[in-house]
Amino acid sequence: MVRFKCRWFLVEFLPYEEADSKASVDDRPPLTTNDIRDEIRDSVLQNFGEHGWGSVGDSLNVKYYSPTTNICIIRVAREPYRIAWGGITFITAIKKQRCIPHVEHVSGTLKKVQLAAIQYNRVLVARLEARAELGDRRKHELEEYLKQADKEIESIDT
C-alpha cells in the first residue's frame, strides 16, 4: 500500500478594509472551510489554469479554520504544493471580504503543522489581550477558546 504524501499549510487570512470603507472588520459574517477552498480553487484556476487545478484539486482539503484568529490548516499533495501555495498567495478576497493570506508554516507532517498552529494561536491570542483592555470575563473567554482550539487542532486527522 502506498502512502499519500502531502504538504500541510498553516495560513492566516489577515482581514482588512479600505480607509474609506464604513464596514468594520469585526462586522463580517464568519468564513467556512468551504468558502476558503472555493476561493483557492478560483485563484488556482485564474492564475494556473485547468492544468493547475487538475493537479491540485483532488488533494486540496481545508482541514481546520478558526474565525476567531483567522488561521486555517490546508492539506495538498506533495508534488503540486507550490501551485497551491501560489494560489493561496494570490487571494485578495474571500466572499467579497478583503484579506491578505499569510502562509505561516509549511510542513510535510500533520504533527508539525499542529504544533505550529497551537503555538501561533497562542501568539495571536496574546496579541489580542495586549491590544485591548480586557476584563476578567473576556480574558477567561480567550483562555477557554485556547483550550478548545488546542483540542480541535490536535484532533485533526489525515
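The values are calculated or read from the model by the stated rules, or taken from the named source; none is laboratory data. Values in this document were obtained by computation on a predicted structure and should not be read as measured data. Note that each Cβ is placed from the backbone with ideal geometry, even for glycine, and that neighbours are counted across all protein chains shown. What goes into the accessible areas is simple: the full protein's heavy atoms, side chains included, and nothing from ligands, DNA or RNA. Shrake-Rupley method; radii C 1.70, N 1.55, O 1.52, S 1.80 Å.
Data overview
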read-out: Computed [θ] at 222 nm, deg cm²/dmol, the chain (DSSP H ≥ 4; -39,500 (n - 2.57); rounded to nearest 500); value: -16000 deg cm²/dmol
read-out: Taking the convex hull of Cα positions in the chain, its mean projected area over all directions (nm²); value: 10.3 nm²
read-out: Cα lying deepest toward the dipole's positive end in the stretch 92-155, options ALA149, ILE118, VAL103, charges on Cβ; value: VAL103
read-out: THR109 paired with LYS139, simple spin-label distance in nm, labels 7 Å along Cα-to-beta-carbon; value: 3.7 nm
read-out: Gain in span if fully extended, ASP150 to LYS95, counting 0.36 nm per residue against the direct Cα distance; value: 17.1 nm
read-out: The chain - percent relative contact order, Cα under 8 Å, separation 6 or more; value: 32 percent
read-out: Where Cα atoms sit under 17 Å apart: lysine pairs in the chain separated by 8 or more or lying on different chains; value: 10
read-out: Taking the stretch 65-158 and dividing mean pair separation by its residue count, relative contact order in percent (alpha carbons under 8 Å, at least six apart); value: 25 percent
read-out: Taking the stretch 54-113 and dividing mean pair separation by its residue count, relative contact order in percent (alpha carbons under 8 Å, at least six apart); value: 22 percent
read-out: P(r) weight above 17 Å for the stretch 84-154, C-alpha pairs, percent; value: 59 percent
read-out: Selected from ASP35, ASP58, ASP136 as most flexible by GNM, with the chain as the system and alpha-carbon contacts under 10 Å; value: ASP136
read-out: Accessible surface ranking that places the most exposed of GLU79, GLU12 first, with a 1.4 angstrom probe; value: GLU79, GLU12
